[in-house]
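First up is the structure itself, then whatever we jot down about it.
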Amino acid sequence: MTLALLAGAASQLLGARIAETLGIAPLRCETVRFPDGELHVELGDTVRGRDVFIIQATSPAAERHLMELFLIADACRRAGAGHLTAVIPYFGYARQDRRAHGREAVAARLVADLIQTSGVERIVAVDVHTPAIEALAGIPVEHLSAVHSLIEAVQPLCGDATTIVAPDLGATRLAERYGQALGLPIAIVHKTRISGEQVRVSGITGDVRGRSPIIVDDMISTGGTIEAAYHALLEGGCRPELSVVATHGLFVGNAIDRLQSLPLRQVIVSDSVLLPQSEPLPVKVISLRELLSEVIRRLYEQRSLAGLLEHG
Ligand code: R5P
């Protein structure tokens, strides 16, 4: 069975980098939008009997990218792919993993079901917001983490006065990982979400007075969490400087403007999501290219993923 890789619209650049690392040419695949708005996908190369990896972040616009993933998977299945794996560097809808208020959908579960229904047999994903994704999905999920690489990237920013900050309770475990690896204390900001764009902070656990904060999170979406956490840290007496590390940099809405108003030393993100062009922030991008290439290589060769998976 030969290896085949193709990238959807959301992951063209990362897909090309992975293909280059693996020494293969990505499969040709054309997606067009019909006048009524429907997407149409057509493969340009044979996948019959091949071990196919589809790279597609389900990042904004998530509906478009999800639909394209479903259509590519369905096209591969109907064209006789031997095995079908979806490599999803950013797994959208993962924050909707429970009914937090009442009459809501559990979108993370539904999305996982739809991916399976489209013909995907296995998912490879990176730092999914809910680790429960493994339990939510009816197919195997190989859950990877970019945190090891991000820790290396953040090390030069650390000093004696650095404190790692979880901007909400959900990021506590993540902050502990950074804190332990870097030998730094952590603080936890207590956040309540008011709306998609707005959050409120009710307090901080840990001493931040005179400290240089590095906020760690799984994702930056509107930047509201970072902004609110920073203002609370400042009130708590932290130094007026800030670094931020997150696996997924979505930067939606007015995130760039919001973050630009903060005294940012550096924002470190992975390339799970393509950054907006010409964004003016001091961003450092750590590529998932090597990690994802290695996982694809090992899965294709049916070798163990020991040491690569996230069991947090
Ligand atoms: C939420 O629990 C996540 O871990 C992030 O803190 C959140 O999604 C970031 O979103 P935003 O940048 O819009 O505040």
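The values are calculated or read from the model by the stated rules, or taken from the named source; none is laboratory data. This is a predicted model, so every value here is computed, not measured. As a convention, Cβ positions derive from the backbone with ideal geometry for all residues, glycine included, and neighbour counts pool all protein chains shown. These accessible areas exclude ligands, DNA and RNA; they are computed on the full protein's heavy atoms, side chains included. Shrake-Rupley method; radii C 1.70, N 1.55, O 1.52, S 1.80 Å.
Determine the order of Arg98, Arg77, Arg177 by accessible area, beginning with the largest, at a probe radius of 1.4 Å.
Arg98, Arg77, Arg177
Size of the dipole of the stretch 147-286 about the Cα centre, Lys and Arg at +1 and Asp and Glu at -1 on the beta carbon, nothing else charged, in debye to 20?
I would put it at about 200 debye.
Report Rg (one decimal) and Dmax (nearest whole number) for the stretch 147-286, counting Cα atoms only, units Å.
Over the stretch 147-286's Cα set, Rg and Dmax evaluate to 13.5, 37 Å.
Would you check the accessible area of Cys29, probe 1.4 Å, heavy atoms only, in square angstrom rounded to 10?
Its heavy atoms expose roughly 40 Å² to the probe.
Does anyone have the angle between helix 107-117 and the longest principal axis of the chain? Alpha-carbon axes, 0 to 90°, nearest 10?
Around 20 degrees separate the two axes.
Got a number for the accessible area of Phe251? Probe 1.4 Å, square angstrom, nearest 10.
10
Once both axes come from the Cα atoms, what is the angle between helix 62-78 and the longest principal axis of the chain, in degrees from 0 to 90, rounded to 10?
The angle comes out at about 30 degrees.
Taking amide H positions as placed in the peptide plane 1.01 Å from N, state which residues far from Val199 in sequence (5 or more) or on other chains have amide H under 5 Å from it.
Ile194
Roughly how many Å is it from the Cα centre of the stretch 30-45 to that of the stretch 151-230, as a whole number?
The distance from the Cα centre of the stretch 30-45 to that of the stretch 151-230 comes to 42 Å.
Starting from the residue with the highest accessible area, list Arg258, Arg48 in decreasing order, probe 1.4 Å.
Result, largest first: Arg48, Arg258.
I need two numbers for the chain: Rg to one decimal and Dmax as a whole number, Cα atoms only, in Å.
Here Rg and the maximum Cα pair distance are 20.0, 62 Å.
How large is the accessible surface per residue of the stretch 147-286, computed with a 1.4 Å probe and reported in Å² as a whole number?
Normalised by residue count, the accessible surface of the stretch 147-286 is 43 Å².
Would you kindly state how much longer the chain becomes between Glu63 and Arg78 on full extension, computed as 0.36 nm times their sequence separation minus their alpha carbon distance, in nm to one decimal?
Between Glu63 and Arg78, full extension yields an extra 3.2 nm.
Over the heavy atoms of His190, what accessible area does a 1.4 Å probe trace out, to the nearest 10 Å²?
Per-residue accessible area (His190): approximately 50 Å².
How big is the stretch 157-230 in terms of Cα radius of gyration and Dmax, in angstroms?
Reported Rg and Dmax, both Å: 11.8, 36.
Just to check I understand the Karplus step: with θ = phi - 60° and J = 6.51 cos²θ - 1.76 cosθ + 1.60, what whole-Hz values come out for the stretch 41-54, glycine and proline as x?
With coefficients 6.51, -1.76 and 1.60, one gets 10, 9, 7, x, 9, 6, 10, 4, x, 9, 8, 9, 10, 9 Hz.
I'd like the Karplus ³J(HN,Hα) series for the stretch 289-299: coefficients 6.51, -1.76, 1.60, θ = phi - 60°, whole numbers in Hz, and an x wherever there's a Gly or Pro.
Result, rounded to whole Hz: 3, 5, 4, 5, 5, 5, 5, 4, 4, 5, 5.
Which of rounded, prolate, oblate describes the stretch 57-192, given a ≥ b ≥ c as roots of the alpha-carbon gyration tensor eigenvalues and a/c under 1.5 marking rounded, otherwise prolate only if a/b is larger than b/c?
Since a/c reaches 1.5 and a/b is larger than b/c, the shape of the stretch 57-192 is classed as prolate.
Please report the carbon-and-sulfur percent of the accessible area for the stretch 147-286; probe 1.4 Å, protein heavy atoms only, DNA, RNA and ligands left out.
Numbers: 2870 of 5990 Å².
Here carbon and sulfur together make up 48 percent of the probe-accessible area.
Using the basic label-point model (7 angstrom from Cα toward the beta carbon), what is the Gln277 to Val252 distance in nanometres?
Those two pseudo-labels are separated by 2.2 nm.
Take the alpha-carbon centre of the stretch 3-29, take the same for the stretch 64-123, and report the distance between them in whole Å.
The stretch 3-29 and the stretch 64-123 have Cα centres spaced 19 Å from each other.
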